[in-house]
DNA sequence: CAAATAAAAGACAATTTTATCTTAAATGTT
DNA sequence: AACATTTAAGATAAAATTGTCTTTTATTTG
Ligand code: FES
Ligand code: FES
């Protein structure tokens, strides 16, 4: 709706990886997709994207899996995940679908849309994986239902 | 990105119909899709939806076309179009894709997402077709580029 | 080194969204 | 009444997104 399905899974997966890395555990695709209730093979693809974009880190072989360096948890923002998976149309696209959002030749919704989009953008660039994982840790939030 | 393509076309079409109805002109699908730069047959389908939902009015036959009663221009809000075409997942869906947004068992993004969503929702329910058409009328905004 | 494990990569399949085309129904004009 | 015009409806088609399956590559362990 706001994000693609791939992006939703990507965020949930990244948050779960963060939570587990906080405990020093590396996690595999099977566990991840189980815990965030997502299609496993599709989730694997998405984790690959996150890895290629250096948002999380992967290790092959026995006892391998995905992890995120605790040092990076705070600097890893939602905006990075969204950009890696959905691209930046959410930041640069016109709300009414004109080629590009352009203040010189704005669509009728431009001003109002820009407002919303800036809110969203600010939220995404200021929210870290660490922040999201901590709510989970204390049982206040959920990644599946 | 935020709205489906169908919804984008729907809003642009509705605004164009409003603009023309302001001048007392009824407009056909061909002219509409020309003026908003959208695929014609697809646009026709979308206009059907808007008509079925009583957002605009259609007249068949020679000199027929689409129009909106000037009395309705102010009460016709963007939220109606979005709801008619994209449904209400934009209002009730969870940002991270959990079955439904639910404050009792919130996803990690719930609070922040709700904020954005409320902004968006308020914007959509308070913006009328009339308001959007007037900007166009005076040449400040555009429906195609 | 061989075997087992786990991610990476690539081909393929299903579903949804976007888009087109054809026929039918309604309405005004001659 | 016949005809032209224009929306409505329904059947298809194309493209994009979502999802699966198989093979390859890297790494650990015995
Ligand atoms: S031009 Fe449409 S949102 Fe800026
Ligand atoms: S539960 Fe996810 S947005 Fe409310």
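Quick note: the coordinates plus some simple rules give every number you see, no bench work behind them. Being a predicted model, the structure only gives us computed values, none of them experimental. Quick reminder, even Gly has a Cβ in these numbers, built from the backbone with ideal geometry, and neighbours come from all protein chains shown.
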Original post:
Averaged across the residues of B:99-111, what count of C-beta atoms belonging to other chains lies within 10 Å of each residue's C-beta?
Top reply: 5
Original post:
Normalised by the residues of chain B, what does the relative contact order come to in percent, with Cα pairs under 8 Å and at least six apart?
Top reply: 29
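What is the calculated FRET efficiency for residue A:122 to residue B:30, with r their C-beta to C-beta distance and R₀ = 45 Å, to the nearest 0.05?
According to the calculation, E is roughly 0.60.
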Subject >> Neighbouring partner chain Cβ atoms per residue of B:57-65, average, 10 Å criterion >> reply: 0
Original post:
Along Cα→Cβ at 7 Å, what distances in nm separate the residue B:92 label point from those on the other copies, shortest first?
Top reply: 3.6
**OP:** Would you mind listing the distances between the residue A:104 label point and the same position in each other copy? Use 7 Å along Cα-to-C-beta, nm, one decimal, shortest first.
**Re:** 5.4
Subject >> Within a Gaussian network of chain B (alpha carbon springs, distance under 10 Å), most fluctuating of B:86, B:111, B:72 >> reply: B:111
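Using helices alone, I'd like the mean residue ellipticity at 222 nm for chain B: each DSSP H run of four-plus residues gives -39500 (n - 2.57), total over residue count, nearest 500.
Details: 7 runs with 78 residues, N = 145.
So the calculated ellipticity at 222 nm is -16500 deg cm²/dmol.
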Subject >> Distance in nm between pseudo-label sites at residue B:69 and residue A:5 (7 Å out along the Cβ direction from Cα) >> reply: 4.2
Original post:
Does the stretch B:69-145 come out rounded, prolate or oblate, given a ≥ b ≥ c as the square roots of the eigenvalues of its C-alpha gyration tensor, rounded meaning a/c under 1.5 and, failing that, prolate meaning a/b above b/c?
Top reply: prolate
Subject >> Isotropic mean projected area of the C-alpha convex hull, chain A (nm²) >> reply: 9.6
Original post:
Relative to the first principal axis of the alpha-carbon coordinates of chain A, what is the inclination of helix A:110-126, with its axis defined by its Cα atoms, in degrees from 0 to 90 and to the nearest 10?
Top reply: 20
Original post:
Roughly how crowded by other chains is peptide B:88-97, in terms of the mean Cβ count from those chains within 10 Å of each of its Cβ atoms?
Top reply: 5
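Only counting other Cβ atoms within 10 Å, I'd like B:57, A:110 sorted with the fewest neighbours first.
B:57, A:110
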Original post:
Which distance in Å, rounded to a whole number, links the C-alpha centroids of the stretch A:9-77 and the stretch B:1-22?
Top reply: 40
